[in-house]
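Asker: Dropping a structure here in structure tokens format, bear with me for questions.
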Amino acid sequence: MSVVAAACSGVGPSHDPTPAETGVLEPLQVYRQLGMLAGPERFPAVASFATMAGPSDSTYVLFGLSLPNSALRFQREGPAFVGRYTVSLKFAQDSQQVREVGGEQVVRVPTFAETSRTDESVVYQTAVALVPGEYVVTVEARDGSGGQGFEARDTLVVPAFGTGKPALSAPMLVYRAEARSSEDTTPELIVNPRHTIAYGGDAPRLYIEGYGYPVGRSVQVRVLDDAEEEVWRTEAVLEGADGEMRHAIVEIPTSTLPLGRLWVETMVPGDSAAAQRVPLVVTISDQWMVANFEEMLEFLEYIAYDDELDSLRNATPEERAALWDNFWERRDPIPASPINEFREQFFERIRTATLYFEEAGTPGWKTDRGEVFIVLGPPDQVFQRDFRRMASARPAIYEWLYDRLPGGRVVLTFVDRYEFGRYELTPPSRSAFRAAAARVRPDN
């Protein structure tokens, strides 16, 4: 991962996100729903903010933006490949701009294959000290060639920490953190702008600061799912030397977390006003596939042939790696490219289905809508319909329209028959889906 950090003297946005239940789903919508800023699919940057105490009466705003190498145009320069991008961050109050930071950044990678990475591979961050208050912040990021990019605007509420009352910073998801000795010290962090971790990978790290609390004060850390069910908890202890600056660094074991959208909550026992929450997204990784091989085979049932599944299921652990590689090689649409586009698309669809289509204890990828999304991709249009007399927060029917599938138009209807939020394909739609799935399945 390439990290560009900038520190500026002189601070996350205020959101009330609502899920985009209508319209065509985009993988990046989940980040917008969680209160982050996100670009289009052609430039899939994701940005987020955090705040902590700053010099004097100011507050540090820590801004992080991440994007994949594939969003940039690289050129060979000597033995390496170089990509450039620009970031601009503007803060305004009462229609008057009060601060602007940013500039051109450079990314160097040693091989051509790395220029096509689609995972988070570049992180830009900067710390800006601002007077507490409400700001309109404009973020713009763009490929250095002047091509793809995105611009977003949001309201940013900068809290005041120097009020004399004990306070916690919001928990910050980081890749690395060095504890600060005072509010005057510039944060030494590498942020995780997407608040996303891969199951089975490095444990997500939380950095928490406490102001006005004694050394040894405990902080409760919990991880909750969207249904407010607790999936993990621990007690952290605030540490520090002289002065009133305290900190805690917490690692959350990914083996305890389910896939999907979660929330990390911190609170000082007995002080509910100090409770803070940030989102956490757990995604599929190669380690997840190894640890959950049987469940992985359930994913593959959507796209594999019976003989392929039997071979994988009956293989020894030593044989699985070769069979796994051969499985994807047969489906690689452009063998000469450095990535397998089919494989990348398949797992991106699983991640999206997991995040969007969870229903009453059923993982999103196992629901009818999840299966259709994984196999056929996002619909061209989505319609809501209702047949109930009483108003409901959820529609009774979703219709997904596909215009560009082999064989022509396909309309699939999902009905919430029992009003439990469980959407099932109607029998005619299930038959239509099976026929469409057979047409898009690659030859064996």
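Asker: Relative contact order (percent) for the stretch 319-368, with alpha-carbon contacts under 8 angstrom and 6 or more residues of separation?
Answerer: In percent, rounded to a whole number, it is 19.
Asker: State to the nearest 20 debye the size of the charge dipole of the stretch 398-444 about its Cα centre, where the only charges are +1 on K and R beta carbons and -1 on D and E beta carbons.
Answerer: 200
Asker: Further question on the same structure: What does the accessible area per residue of the stretch 28-153 come to in Å², with a 1.4 Å probe and no ligands, DNA or RNA counted?
Answerer: 41
Asker: To continue, here is another question. First measure r as the distance between the Cβ atoms of SER218 and ARG176, then evaluate 1/(1 + (r/R0)^6) with R0 = 25 Å and state the FRET efficiency to the nearest 0.05.
Answerer: After rounding to 0.05, the efficiency reads 0.55.
Asker: Could I ask something else about it? Which value, in debye to the nearest 20, describes the size of the charge dipole of the chain about its Cα centre when Lys and Arg Cβ atoms bear +1, Asp and Glu Cβ atoms bear -1, and nothing else is charged?
Answerer: 900
Asker: Which residue, ALA321, GLY103, HIS247, has the largest displacement toward the positive end of the dipole of the chain when charges sit on each Cβ (Lys, Arg +1; Asp, Glu -1)?
Answerer: Projecting each Cα onto the dipole axis, the largest value belongs to GLY103.
Asker: Using DSSP to call loops (not H, G, I, E or B), can you name the trypsin sites (Lys or Arg not before Pro) in the stretch 34-129 whose Cβ has at most 13 other Cβ atoms within 10 angstrom?
Answerer: Taking the stretch 34-129 and a limit of 13 other Cβ atoms within 10 Å, the loop trypsin sites (Lys or Arg not before Pro) found are ARG42.
Asker: Turning to a different aspect of this structure: Where Lys and Arg each count +1 and Asp and Glu each count -1, what net charge lies around VAL282 among other residues with Cβ under 11 Å from its Cβ?
Answerer: +1
Asker: Separate question: Pick the calculated percent of Cα pairs over 40 Å apart for this structure from (1) 25; (2) 13; (3) 22?
Answerer: (1)
Asker: Label-point separation (nm) for THR362 and GLU188, each offset 7 Å from Cα along Cα-to-Cβ?
Answerer: It works out to 5.1 nm between the two label points.
Asker: If you stretched the chain out fully between ARG233 and GLU344, how much longer would it get, using 0.36 nm times the residue separation minus the C-alpha to C-alpha distance?
Answerer: Full-extension gain reported as 36.7 nm.
Asker: What value in Å³ per residue do you get for the convex hull of the alpha-carbon atoms in the stretch 323-379?
Answerer: 89
Asker: Taking the Cα centre of the chain as the origin and placing charges on Cβ (Lys, Arg +1; Asp, Glu -1), which of ALA203, GLN345, PRO363 is farthest toward the positive end of the dipole?
Answerer: It is GLN345.
Asker: Just to confirm the filter: which chymotrypsin sites (Phe, Trp or Tyr not before Pro) across the stretch 71-128 are DSSP coil and have at most 12 other Cβ within 10 angstrom of their Cβ?
Answerer: PHE112
Asker: Of the beta bridges DSSP finds with both residues in the chain, what % are antiparallel, to the nearest 5?
Answerer: The antiparallel fraction comes to roughly 90 percent.
Asker: Could you give the C-alpha radius of gyration of the stretch 305-414 expressed as a fraction of 2.2 N^0.38 Å, taking N as the number of residues it contains?
Answerer: With N residues counted in the stretch 305-414, Rg over 2.2 N^0.38 Å equals 1.37.
Asker: Could you give the nm distance between label points at VAL106 and GLU301, where each point is 7 Å from its Cα heading toward the beta carbon?
Answerer: So the two model labels end up 5.3 nm from each other.
Asker: Now, a different point. Would you mind getting the accessible area per residue of the stretch 199-344, heavy atoms of the protein chains only, 1.4 Å probe, in Å²?
Answerer: Here the residues of the stretch 199-344 average 48 Å² of exposed surface.
Asker: Calculated from DSSP H runs of 4 or more alone, at -39500 (n - 2.57) each and per residue, what is the 222 nm mean residue ellipticity of the chain, nearest 500?
Answerer: Calculated mean residue ellipticity at 222 nm is -5500 deg cm²/dmol.
Asker: Rounded to the nearest percent, how much of the accessible area of the stretch 98-198 (1.4 Å probe, protein heavy atoms only) is carbon and sulfur?
Answerer: 48
Asker: Assuming R0 = 56 Å, what is the FRET efficiency of SER311 and LYS165, from their Cβ-Cβ distance, to the nearest 0.05?
Answerer: 0.30
Asker: Name the residue farthest towards the positive end of the dipole of the chain from the options THR51, GLN33, VAL61, assuming +1 on Cβ of Lys and Arg, -1 on Cβ of Asp and Glu, about the Cα centre.
Answerer: Sorting the options by dipole projection puts first GLN33.
Asker: How high is the FRET efficiency between ALA92 and ASN326 when r is their beta carbon distance and R₀ equals 56 Å, given to the nearest 0.05?
Answerer: E(calc), rounded to 0.05, equals 0.50.
Asker: Further, regarding this structure: When ranked by the protection proxy of mean other Cβ atoms within 10 Å per residue, highest first, what sequence do the peptides 305-313, 421-429, 48-56 form?
Answerer: So the order, starting with the most tightly packed, is 48-56, 421-429, 305-313.
The values are calculated or read from the model by the stated rules, or taken from the named source; none is laboratory data. Predicted model, so just to flag it, every value in this text is computed and none were measured. A quick note on method: Cβ atoms are made from the backbone with ideal geometry, for glycine too, and the neighbour counts reach across all protein chains shown. Accessible surface areas use protein heavy atoms only, side chains included; no ligands, DNA or RNA. Shrake-Rupley method; radii C 1.70, N 1.55, O 1.52, S 1.80 Å.
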